[in-house]
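What follows is a set of notes on a single structure, which appears directly below.
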Amino acid sequence: MAKEYALEVKKIEKVTTPYRKMVTDTFPVRKSIEVIKRLRKYEPRSMSGQPLALWDHASGFNVFDKYGNKWLDWSSGVLVANIGHSNPEIKKAMIKQINHGLLHNYCFPSEARANLTEKLSKMLPKPLKKIFLLTTGSEAVEVCLKLARTYGQKIADKKKIAIISFNAAFHGRTMGSQMAGGSPALKEWIVNLDKDMHNVPFPNCYRCPLGKPNYQGCDTECFNKFVKNITKKLGGKPADRAAGIIMESFQGGGATFAPKGFMKLLRKFCTANKILLICDEVQAGFGRSGKMFSFQHYNIVPDLTTFGKGITSSMPLSAVAGRPDVMDIYEPNTMTSTHTGNPVCVASAMANLDYLVKHKVVQNAAKVGAILKAELHKIKEKHTDIIGEVQGEGLVYGMHIVKEGSRNPDGDLAHLISAKCVEKGLMVFSPVGLNGGTLKIAPPLIITAAAILDGVKALEEAITEAKREMLGEGDNL
Ligand SMILES: Cc1ncc(COP(=O)(O)O)c(C=O)c1O
C-alpha cells in the first residue's frame, strides 16, 4: 500500500545541473508546508500519496516550484504530458478556442468534435474507425465494458456477458473499471463483486504464471494455460460465456509487456470465439512506448481501445475507438456523456496530436528510450541484489525493487529511493505495482538524450544512498 511522504523538513544538498536545480536548504521547502497542511486538512487522505514538491508551473520536461527549485520530470504528471508541459501550441489552441466563445456544447453537433473524431479515426488502423469522446480513462473503460456486454447479448444471449481481465491490471477507480482491475485489495469495498468478471494471471515473464525463471519461447504453453484458466472460471465454453477480454497494452504497474506470440494467439482466439478484444491504451497510447499505439508492438489490432492521458498532454479528455458495428449498438441518446468532446479539451487534443506528428515525438521516444533502457539495465547490473528487473519500452520503464536477492517487492526501499530522487531534483511519482515496489519512469516524450543521462545520474545516486541508509551498506557500492 502507498505510503505518505513525511511532512518533516530535512536538510538537502544543493544541486545545479543544466536540467535540475535544488536551491532551498530543506525539502520539503519550509515555506511550502503551510500549503501542504491545508491540502491535508481539506482533501481526503487518499490524495496525500505523492512526493511533497509544490508544483507551481511546468514547461517542457521541467517542473518548478516558486522557491527556485527546478525538477527534471520523469513522471509526465502521471504519463499525461507526452509532448511536454505547457506546450505553446496547446496553450495557443486553447486560448483561441476560449476567445472564439464556445466552452461547452454537450452532444449538440460541433465542428471541434467532428475534427477530432475524424483525426483519430484516420490515425487508427481498421477496424477502429468510430470514436466516442469522453472525459476520464475510467469512463472510457466503463464504456468498453458496457459495449462488450451488450454486444455479447446481441450476438448470443444473456449468458455471453463475462469480462476477462488480468491479475495486477489497473483500469481505473470507478466501480466497473475497478472490478476489471486485478488487485483484490483495491476492490474489497465493492463486496458484491460481479460474478461475471474474472481475473486470470497476466503473462508476465518476470513473475511467470507457469513458474519459469524467465521467458523461454513458451507463448503457446502460456496461452493454453490462459484458456484453461478462463474456461474454468467461466464454467462453460468461452465462446458461450465471454463477451470481452480487456488488457492494458502493457501493464502499467510494472511497464510489463506480454510476449508477442501470446498476443497473436489471443487475437486469433477472440476472433474465433466472437469475444471482443479490448486494449486499454489510457497510459500506453500516443507514443509512450515508442510506437504511436502500444498494441502495435504485437502487430495486432483490438476490437475496442481506450485512450486518455497523452491524448491531450494536458486537459481531461478520453476516448473509446472501436469497430463500427459495436460502437453503433446504442440508440441515439442512450450512450452519451455530459462533457463529451468539450471544445477546449478538443483544442488541446488537436494541437497535441499535430505536434506529436509534426515534431516526430514518437520517433524521439523510441530513440531516446533506447538510451534510457540501456542505462537502466546498467544500473540494474550494478545493483542486482535489490533491482530484480527493469521492464518497459520507449519512454516507460518499471524498475522492480526487491528484498535482497529475491523477487519479493521492497516497497519501503522503493519509497525511499523515490523520495531521494525528488530531493535531488528528479521528479518521480510514488512507487506503484505489487506492494509499491516498482519505481515507474515516464518522462515527457520530447526529452533529450543529455537530460536522460542527467536523470540517470540522479537516480543512481538515490539508489546508492537509499541502499546505504536502509540496508546499512558501506561506501564501496
Ligand atoms: C491503463 C489505465 N486505464 C485506466 C486508467 C484510469 O484513468 P483515469 O484516472 O483518467 O480515470 C488509468 C489511469 O492511470 C490507466 O493507467
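Quick note: the coordinates plus some simple rules give every number you see, no bench work behind them. As the structure is a prediction and not an experimental result, all values here were calculated from the model. So basically every Cβ, Gly included, is an ideal-geometry build from the backbone, and we count neighbours across all protein chains shown.
Tabulated results
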item: Neighbour-count order for Met123, Met197, Met427, fewest beta carbons within 10 angstrom listed first; result: Met123, Met197, Met427
item: Per-selection Kirkwood Rh - segment 88-358 (Cα, Å, 1 d.p.); result: 19.1 Å
item: Two-site FRET efficiency, Glu460 against Tyr42, from Cβ-Cβ distance with R₀ of 45 Å, rounded to 0.05; result: 0.75
item: Of all DSSP beta bridges in the chain, antiparallel share, percent nearest 5; result: 65 percent
item: In degrees, nearest ten, helix 411-423 long axis to first principal axis of the chain (Cα); result: 60 degrees
item: Alpha carbon centroid spacing (whole Å) that separates segment 385-417 from segment 173-218; result: 20 Å
item: Relative contact order of the chain, defined on C-alpha pairs under 8 angstrom at six or more residues apart (%); result: 21 percent
item: Degrees between helix 137-155 axis and first principal axis of the chain (Cα, 0 to 90, nearest 10); result: 20 degrees
item: Least to most buried among Trp55, Trp74, Trp189 (fewest other Cβ within 10 Å first); result: Trp189, Trp55, Trp74
item: Amide H contacts under 5 Å for Asn62, placed H, 5+ residues apart; result: Asp73, His85
item: Shape call, segment 385-477: gyration tensor on alpha carbons, a/c limit 1.5; result: oblate
item: Rel. contact order, % - alpha carbon contacts under 8 angstrom, at least six apart, segment 88-358; result: 29 percent
item: Within the chain, longest stretch clear of exposed GluC sites (Glu not before Pro) (DSSP loop, no more than 16 other Cβ within 10 Å); result: 14-403
item: Degrees, to the nearest 10: 88-100 long Cα axis against longest axis of the chain; result: 60 degrees
item: Rounded, prolate or oblate (a/c below 1.5 giving rounded, otherwise prolate when a/b exceeds b/c) for segment 186-295 by Cα gyration tensor; result: rounded
item: Which of Val78, Val402, Val15, Val141 has the fewest Cβ neighbours within 10 Å, and the rest in rising order; result: Val78, Val15, Val402, Val141
item: Distance between segment 134-168 and segment 327-382 - C-alpha centres, whole angstrom; result: 23 Å
item: Flagged links, alpha-carbon separation over 30 Å, of Lys237/Lys291; Lys260/Lys367; Lys41/Lys91; Lys129/Lys158; Lys122/Lys378; Lys360/Lys457; result: Lys237/Lys291; Lys41/Lys91; Lys122/Lys378
item: Anisotropy class of the chain from Cα gyration tensor, a/c 1.5 cut; result: oblate
